[in-house]
1. Out of the residues in region 221-249 that are outside any loop (DSSP other than H, G, I, E, B) and within 18 Å of residue 127 (Cβ to Cβ), state the one that is farthest from the chain's Cα centre (by Cα).
2. Within region 1-24, how many residues are surrounded by 10 or more Cβ atoms within 10 Å (Cβ to Cβ) and touching a helix residue (DSSP H, G or I) at 6+ places or on another chain (Cβ under 9 Å)?
3. Look at residue 180 and say whether it is at pLDDT 95 or above, within 15 Å of the ligand (Cβ to nearest atom) and over 30 Å from residue 360 (Cα atoms).
4. For region 156-171, check the following and say yes or no: at least one residue is more than 20 Å from the chain's Cα centre (by Cα) and crowded, with 21+ Cβ neighbours inside 10 Å.
5. Are there any pairs with C-beta distances below 8 angstrom linking a residue in region 159-179 that is on the phi < 0 side of the Ramachandran plot and free of Cβ contacts under 8 Å to residues at least 24 places away in the same chain to a residue that is more than 11 Å from the ligand (Cβ to nearest atom) and in a helix (DSSP H, G or I), with the two at least 6 apart or on different chains, and if so which?
6. Going by what's in this entry, would residue 149 be described as within 21 Å of the chain's Cα centre (by Cα), farther than 24 Å from residue 272 by Cβ, surrounded by 19 or more Cβ atoms within 10 Å (Cβ to Cβ) and away from the ligand (no atom under 14 Å from the Cβ)?
7. Go over the candidates 110, 89 one by one and state the one that is in contact with a helix residue (DSSP H, G or I) (Cβ under 8 Å, 6 or more places away or on another chain), closer than 17 Å to residue 65 by Cβ and within 15 Å of the ligand (Cβ to nearest atom).
8. Which of the residues belonging to region 6-28 are over 29 Å from residue 40 (Cβ atoms) and touching a strand residue (DSSP E or B) at 6+ places or on another chain (Cβ under 8 Å)?
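The values are calculated or read from the model by the stated rules, or taken from the named source; none is laboratory data. Since we're looking at a predicted model, the values are computed, not measured. All Cβ positions, glycine included, derive from the backbone under ideal geometry; neighbour counts span all protein chains shown.
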Ligand SMILES: Cc1ncc(COP(=O)(O)O)c(C=O)c1O
């Protein structure tokens, strides 16, 4: 179609820069071994950090709910799509996150864009780490608030930006706790103190911390013992929880406000029963079983140490995300391809997911990985080196 011809030029540019995105189709679930084109590969690409998306107990819970409630929720929560499972999961999340209340969204992306854009407006300020997730960036843009981007993890600079802004207007500080592409962790002890000092609202995104950090696996707020000091806790059910959906946890007034104001909650069909039941079961497992998390951390240590011994430039991370810096798109793609030839599926990450020149192989580990899996991975990385 003539009116769409410009797309060919755009695509050519994307191709020329080695930035064209391809899908890798899996013919199996997120287990340590996955099937691609009929062949088995070691999976180092999943955010299902505790292997719960294929845990038989979670699958059983989803399947029971499927039989009882069917496939779809039938509407938005406020019209017709609210069930006892939605309420049960919200109570579970509030309990897990040690907050008064919680509210569900169909995804973490929707939780971020809707919540951020309803908490602040054009007269207000957002302070955002430069490596925050795209959903935080998009929510911030949607809010039309004045945006202050601070250098990655530079809390001194954040403090001075907050000090400089003397005009009236609400102040919202928003950050990933574990950063999705670097896997590193913000110091929430320091951050909560800074926000208290400036009376700024603090919103943290626990997408990659939940299930991985904290004694009960609740996330970074638990890890830093600041559960009662972070007013707005966002998370997703799509990573360690192994299901689908997002949430905000906080006090009752915040949750009532979101239920009344946030468009991505009000105008969106609610989560279906199998996803809800899976999340309920997963959260029970996460908070009652420490061993998988302890094993995960052992595997992370073994993998990182092995990569460093092989001379790889491993970004210092504090999570199940292990990024290996490769620089430009072309060598990154080539490395991911070579690893695939060695039987390992791990993704090449390129702009706009990361800054130009900061391409990487983003490996991620799961508690279902064994010592043999890590040895196989390291042997593949050795051959590719
Ligand atoms: C830090 C962070 N926040 C939010 C999201 C969005 O969550 P979801 O995938 O549930 O939409 C992601 C997902 O990639 C993420 O990494």
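1. If we filter region 221-249 for residues that are outside any loop (DSSP other than H, G, I, E, B), which is where we start, we get 221-223, 232-236, 246-249.
Then keep just the ones that are within 18 Å of residue 127 (Cβ to Cβ); that gives 232-234.
Details: 232: 16, 233: 13, 234: 10 Å.
Result: 232.
2. Residues meeting the conditions: 5.
3. No.
4. Yes, region 156-171 contains at least one residue that is more than 20 Å from the chain's Cα centre (by Cα) and crowded, with 21+ Cβ neighbours inside 10 Å.
5. The qualifying pairs do not exist here.
6. The answer is no for residue 149.
7. 89
8. Hits for region 6-28: nothing passes.
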